[in-house]
Amino acid sequence: MKLARLLKSIPPLVVLTTLFLLGNSANSCPFCSAPSLTLSEQVAQADAVVLVKWVGGQAAKISDAGSTEFEVVEVVHQPEGGKLAKASRINLVRYRAAKVGDQFMLFGTKVDAAIEWGSPLEVSKIAYDYMRNSPKPNLAATERLIYFLKFLETDDKMISDDAFGEFANAAYADVSKIKQELPRDKLRKWLTTKDVSPGRLGLYGMMLGLCGNNEDAKLMEAKISEQTDDFRLGVDGIMGGYLLLTGDQGLELIEKQKLMNKSAPFSETYAAMQALRFMWQYGDGRISVDRLRQSMRLLLDRPELADLVIADLSRMKDWSVQDKLMAMYDEETNIPSVKRAIVRYMLSSTKDTGEKKGDATVAATEGSSEPVTAEVKTPVPVPAHVTRGLKCLEELEKKDPKTVNEAKRFFLLK
């Protein structure tokens with residue numbers, strides 16, 4: 001069954017939560033799946049790491065899990081005073097089938113005076129060399145990313161997956177710093193071949209947006225414009241990269257095809273919304289904030305996205321829709337989550353007073369010879385949106401005190 005049909009059968013909140021989890025935290029790639037623990041991180045975190053080869057073992061029986069014997073080929077590191085050495089043997093509980101000479105990595109944790117080993121990780125010689133030469137996690141992110149860049153889409157799946165994981169864990173700012181090193185021709189190929197995992201397309205689209213040109217923008221536009229009812233992993237990153245290259249002109253196409261087009265699949269509209277968020281947070285003025293707000297406002301008419309859109313408009317400090325939201329509040333079609341989002345929006349608007357905080361040094365207090373630094377606020381006239389927000393909240397509390405109280409309960413902005 002196509003995912004588009006499946007999405008229609010699932011409650012919107014579940015769908016949105018699932019799609020959100022496909023994205024990433026603020027400290028990692030905006031368009032990658034959830035970050036994973038990479039090989040270099042596993043090596044850094046383990047108390048002991050060794051390369052071993054399979055020697056033999058005792059097969060499992062009904063009442064016995066069996067055992068497996070390995071011979072140490074190389075000690076990567078071990079606790080001070082450790083006795084691991086080349087050719088020493090390690091026996092693990094549970095039989096693991098392999099061939100004599102097959103190589104594995106073992107990661108161990110020191111417990112008292114002993115090492116507790118995790119499950120063996122089978123590695124090729126190439127994968128082991130890749131791991132041994134990997135820059136340590138404490139080095140500069142740009143230095144590390146340039147190393148891992150060479151291994152994206154390499155033939156060894158373990159290496160390719162791990163290199164992608166390093167980029168999935170990387171902050172956008174760090175990826176942006178190496179844009180001159182990005183392999184433009186390879187990125188074009190990866191975006192158009194079926195051999196690349198769909199989960200990587202978001203990263204590759206974003207990267208092409210950082211290093212590409214007008215020809216690449218046309219390629220991404222064709223990719224974005226493909227007609228499909230299927231859920232497309234990574235199309236949000238392709239849209240984000242496209243907007244980096246095209247700015248306002250590209251945004252007009254996104255609006256027409258994905259935001260204003262009511263027949264566009266839900267997943268495509270949500271992907272466009274993610275691209276707007278990306279440009280607002282990382283676009284560095286490529287598209288103005290007012291223009292991004294204008295695009296986001298188009299989605300207020302999409303009931304399945306309204307609560308998220310209202311929250312985004314609040315983060316963007318777009319207080320121009322206060323009256324529209326008050327009208328929306330009374331619509332019978334709006335669900336409780338939308339009503340709570342409207343209340344939180346109004347609460348946020350009242351907090352955006354425009355006051356600027358600063359420090360001022362005042363005289364020493366009694367009993368102290370040291371001057372005191374105190375936080376002061378520069379007074380400004382009360383903005384119109386604050387006055388309007390307070391009035392709206394007063395109206396909402398009268399007509400729907402329960403929802404207002406629920407919204408206030410989880411309102412974290414101070």
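Each value in this text was obtained by applying a stated rule to the coordinates, not by laboratory testing. If you're wondering where the values come from, they're calculated on a predicted model, not measured in any experiment. A quick note on method: Cβ atoms are made from the backbone with ideal geometry, for glycine too, and the neighbour counts reach across all protein chains shown.
Taking 0.36 nm per residue of sequence separation and subtracting the Cα-Cα distance, how much length would be gained by fully extending the chain between residue 44 and residue 331, in nm to one decimal?
97.8 nm
Hey, any idea what the orientation-averaged projected area of the convex hull of segment 39-129's Cα atoms comes to, in nm²?
Working: hull surface 24.9 nm².
Its average projected convex-hull area is 6.2 nm².
Ranking 131, 273 by Cβ neighbours within 10 Å, fewest first, what do you get?
Numbers: 131 22, 273 25.
Fewest-to-most Cβ neighbours within 10 Å comes out as 131, 273.
List the cysteines in the chain whose Cβ has no other cysteine Cβ under 4.7 Å from it.
211, 392
Go through (i) 77, 74, 51; (ii) 67, 56, 39; (iii) 93, 62, 46 and flag the label whose value is the computed Cα extents along the principal axes in Å for this structure.
Evaluating Cα extents along the principal axes in Å on these atoms matches (i).
To make sure I understand the rule: partners must be lysines, Cα under 27 Å from the Cα of residue 262, and not fewer than 8 residues away in the same chain. Which ones qualify?
2, 8, 218, 223, 317, 324, 339
What aspartates and glutamates could a cross-link reach from residue 86, if we take a straight Cα to Cα line under 15 Å and drop same-chain neighbours fewer than 8 places away?
Residue 86 reaches 69, 71, 74.
Which ordering of 204, 128 is given by a fewest-first count of other beta-carbon atoms within 10 Å?
By the 10 Å Cβ count, ascending, the order reads 128, 204.
When a footprinting reagent is the concern and you count Cβ atoms within 10 Å, what order do 260, 220, 296, 239 take, fewest first?
Numbers: 260 14, 220 27, 296 24, 239 34.
Ranked by crowding around the Cβ, least crowded first: 260, 296, 220, 239.
Which of the trypsin sites (Lys or Arg not before Pro) across segment 90-126 are loop residues per DSSP, with 16 or fewer other Cβ within 10 Å? Mind showing how you got there, number by number?
Values: sites: 94, 96, 99, 110, 125; in loops: 94, 96, 99.
Here the sparse-neighbourhood loop sites are 94, 99.
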